Structures are given as C-alpha cells and as structure tokens.
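First the structure, in the form of structure tokens, and then the observations on it.
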Amino acid sequence: MDEPILLSQAHVTQVEEEYVLASLRSGWVAPLGPDVDAFEEEVAARVGGGVAALALSSGTAALHLALLGIGAGPGSCVLVPTMTFVASANAVAYTGAQPVFVDAAADANLDVDLMIEAVDSLQREGQPIAAVMSVDLFGRCCDYERLAPELETRGIPLIEDAAEALGARTVGGAAGSFGRAAGLSFNGNKIMTTSGGGMLLSSDHDLLDRARYLATQARQPVAWYEHTDIGYNYRLSSVLAALGRAQLSRLDSMIARRRAIREQYASVVAEFEGIRILGRGEHDDPSDASDNCWLTCLLLDEGAPASADEVLTALAARKIEARPLWKPMHLQPVFATARSFLTGTSEGLFARGLTLPSGSALTDAQVERVCDTLRAALRREQR
Ligand SMILES: *Cc1c(COP(=O)(O)O)cnc(C)c1O
C-alpha cells in the first residue's frame, strides 16, 4: 500500500528540536522575548533592502496591518491579483475596503499592463485607491521593475504579499523588500514554517511602530490597561519564533532541495509535448533561477497527452497529493459582487494547471514515485 505523499509538508529536523527546547528552557514561554526580537532581526537582515520586521501570528495578520498602515478602509478600494490565495483578498475585506481583482500574466503573477489600466480607469472614475497589492505567486517575484515606477508616478502605495516567496529575488531586491510594506507567511505548508506565523516588513518605521501597537491590543504605554483604539491579538509566540529561527538557518538548503525536486520533474516534462513548468519557458530555460521554487506547477495545454484533471486523478490513485492552482478570486462565491479586470488568463491557468508535491522533506524515493506516476499518466494517453 502506498504511503501518502503530501504537497508541501513542514520539514523539521534536529536543528528545530534544539532551538525549541532551548526556548522552552529559557523561561520565555509567554509571548515575546529574545527569540522574537532575534527572529525579526534575522528575517529583516535576510530580506535586506533596509526593511525592519514585526513577527506576527499569521501572514494574513501581516497583510491586514500593512493595509491599515497605508490607510485602507471603508470607501476605498485595493487592487489585488485574482490569481491568489484567499488571504490576500480577505485582508482587504477586514479593513472595510473593497477588493478589485486584476487578471494574471502568463506566469500567473499579476498582469502589470492590465493593473496599470485598472488603476487609470478607477482614477478617472474618481474611485479612491488605497493601494495595489502584488502577490509573488508560488515563490516567484512580480515584475517590480515595471510595476513599481508606474505606481510611484500615480502616487499609489504598493503592498507586497510575499507569503509564498521568502528567499526569491528579482531585479532590485528580494521578495519582501518591495513596496511600502510586505507580508510573509510561516504557515505549515510554506517554504519555512513556525507552524503558524507571519511577518510584516517595511522600511517605514512609523508604519511598523503603529502595527506593533495595533498587534498588541492597542495597549497604551502605561501601567494599567489603557486603550484608545481597537487593537488585535496578532503577535507571534516566543516558542514559535525559536522554531522560525531554526528554519531560517536552513532556508537556503530547503530552497536548494525544492529546486532539485523541480529539476527532476522538469526532466519528465521534457519527454512530452504540450506540457511545461509554470515560470519556465522551454525545457532548459532557467528563468526560474531566482524563484524560491515553493511549489512546482505544471501547465498542460491542448496538445498535451493528458489533461490536468487526468493527471490529478492518476496521482490521487497513488495517494500523491497534487492540486489545481489557486482558484481565481473573481470566481469565488464570497467575492461574486467584486469588480474585476479580466483577460481570461487566470481561468485558463486554473483549468490547465496543477501543483506537484514540492516539499523539501520529500525523500528521493517519494520524488521517484511522483515522476513514475506522472510519466505513466502522460504515456497512457499517448498511445
Ligand atoms: C499563505 C498565504 C497567505 C496567508 O498566510 P497565513 O500565514 O496562512 O495567514 C497570504 N497570501 C498568500 C498568497 C498565501 O499563499
């Protein structure tokens, strides 16, 4: 009987055990403490670009505070890529602002030209735009070289959802260093994890100070509990920060492992027509060299020997967890009434794409089983 193979399992080693045990023994089991401070400094140093960091209980909390920090609220809108995980859009909804969805480019990241068109038409209509949110999808940075100056000219703040992209880079910096503020996620399935957690990054110290205040129930700095604002309980616990520090110390090796797994999938893909890895062009195209390879996604076009559905069924039959790409937000019932700027690209990606098991904890034998199953699924249809 096949053991299940998961999509992106947490990768925990003895290093993590040592950090967490040391944290428990240090007496800082209550929230905050030296591990939280050190974790913030280490992540900020890793991302670079002059950012400082605020450790939080989730990536969603980071995006929520980022949006509050630039003044998103009732009466304003925030443009969000439609191809994303629901948390990007939920964070907008929490502030009372309206999410407006914008379609994807061929690599699944936001379509920069369409985003600019959307900004211009909303501005022409006199719609207040609080921000544009970019998402570095599946561990690949957006085209900030084009997006950032266009937004700058129009005076629109950029918020970067880098939840999936820690360790990825592009021209001008690392994921998490773009825009007024960025959010990282350390959820259990991300490139590194604190089991649950996130981080807000910004080089705007006023924004970070305000977020730190809101994240601790908006407590005034006096001896008794004094409150003049509605706050949140969003800070990260010390024990989880210790886990995060251990994971961060292994981040490069975990990225390298995910990349090596992707290369194995690429060699299977190269045997067939009409199928490719999202974010790469033809077989040996290294255009994903600066991505963190969080999830490896396949795209099966009309000429492929099997459809995405057929491949998913074949993988499931061998207990291999694979999934369609994120279902676009404009197709989600909860956002049915939201405004959208669409080209059809995200719907095509959703129909033709799938994500393969990509976790750094996968063994060679597990990756082999995925490759064999994939090959068999594609050959069967070729006869
Ligand atoms: C995971 C994720 C988030 C949310 O992170 P949590 O830590 O789970 O709250 C936000 N945006 C994207 C694109 C994500 O993949």
Legend entry - segment 79-118 versus segment 288-358: alpha-carbon centroid distance in Å: 17 Å
Inset, instruction - Specify whether the C-alpha gyration tensor of segment 251-382 places it in the rounded, prolate or oblate class, a ≥ b ≥ c being the square roots of the eigenvalues: rounded for a/c under 1.5, otherwise prolate if a/b is larger than b/c and oblate if not. - result: prolate
Inset, instruction - On the full set of protein chains, 1.4 Å probe, figure out the accessible area of Lys327 and give it in Å² to the nearest 10. - result: 80 Å²
Legend entry - Accessible surface ranking that places the most exposed of Ser238, Ser58 first, with a 1.4 angstrom probe: Ser58, Ser238
Legend entry - Distance between segment 247-271 and segment 9-48 - C-alpha centres, whole angstrom: 25 Å
Inset, instruction - For Glu18, tell me the accessible area in Å² from a 1.4 Å probe, rounded to the nearest 10. - result: 110 Å²
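Send over a whole-number figure in Å² for the accessible area per residue of the chain, probe 1.4 Å.
Working: 15910 Å² over 383 residues.
So the chain comes to 42 Å² accessible per residue, rounded to a whole number.
Counting Lys and Arg as +1 and Asp and Glu as -1, what is the net charge of the other residues whose Cβ lies under 11 Å from the Cβ of Val171?
Details: positive: Arg146, Arg169; negative: Asp143, Glu145.
Overall, the nearby charge balance is 0.
Using a ≥ b ≥ c from the Cα gyration tensor of segment 193-244 (square roots of the eigenvalues), is it rounded, prolate or oblate, where a/c under 1.5 gives rounded and otherwise the larger of a/b and b/c decides, a/b for prolate? It would help to have the intermediate numbers written out before the result.
Details: a/c = 2.56, a/b = 1.51, b/c = 1.70.
Because a/c hits 1.5 or more and a/b fails to exceed b/c, segment 193-244 counts as oblate.
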Legend entry - Helical contribution to [θ] at 222 nm, DSSP H n ≥ 4, -39,500 (n - 2.57), averaged over the chain, rounded to 500: -12000 deg cm²/dmol
Legend entry - Accessible surface ranking that places the most exposed of Tyr232, Tyr144 first, with a 1.4 angstrom probe: Tyr232, Tyr144
Legend entry - Percent breakdown of C-alpha pair distances by 10 Å bin, ordered from the shortest bin, for segment 28-76: 22, 42, 27, 8, 0
Inset, instruction - Over the residues of segment 54-141, compute the C-alpha Rg and express it relative to 2.2 N^0.38 Å. - result: 1.06
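Expected output is a single nm value to one decimal: the length gained when fully extending between Glu152 and Ala22, i.e. 0.36 nm times separation in residues minus the C-alpha distance. What is it?
Values: separation 130, 0.36 × 130 = 46.80 nm, distance 4.53 nm.
Fully extending the segment from Glu152 to Ala22 adds 42.3 nm.
Provide the gained length on full extension for the span Arg375 to Met1, in nm with one decimal, where the gain is 0.36 nm per separating residue minus the Cα-Cα distance.
Result for the pair: 132.6 nm of gain on full extension.
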Inset, instruction - Please give the solvent-accessible surface of Glu125 in Å², to the nearest 10, using a probe radius of 1.4 Å with every protein chain present. - result: 100 Å²
Inset, instruction - Report the one residue of Ser307, Ser237, Val119 whose Cα lies farthest in the direction of the positive end of the charge dipole of the chain (charges on C-beta: Lys and Arg +1, Asp and Glu -1; origin at the Cα centre). - result: Ser237
Legend entry - Which of Arg250, Arg276, Arg375 is most accessible, then next, and so on - probe 1.4 Å: Arg276, Arg375, Arg250
Inset, instruction - Please provide three numbers in whole Å: the alpha-carbon extents of segment 14-249 along the principal axes, with the largest listed first. - result: 58, 41, 28
Inset, instruction - Considering the convex hull of the alpha carbon atoms of segment 1-59, report its projected area averaged over all viewing directions, in nm², one decimal. - result: 6.5 nm²
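The values are calculated or read from the model by the stated rules, or taken from the named source; none is laboratory data. Since we're looking at a predicted model, the values are computed, not measured. Reconstructed Cβ throughout: ideal geometry from the backbone, glycine too, with neighbour counts over all protein chains shown. The area values use the complete protein model at the heavy-atom level, side chains included, leaving out ligands, DNA and RNA. Shrake-Rupley method; radii C 1.70, N 1.55, O 1.52, S 1.80 Å.
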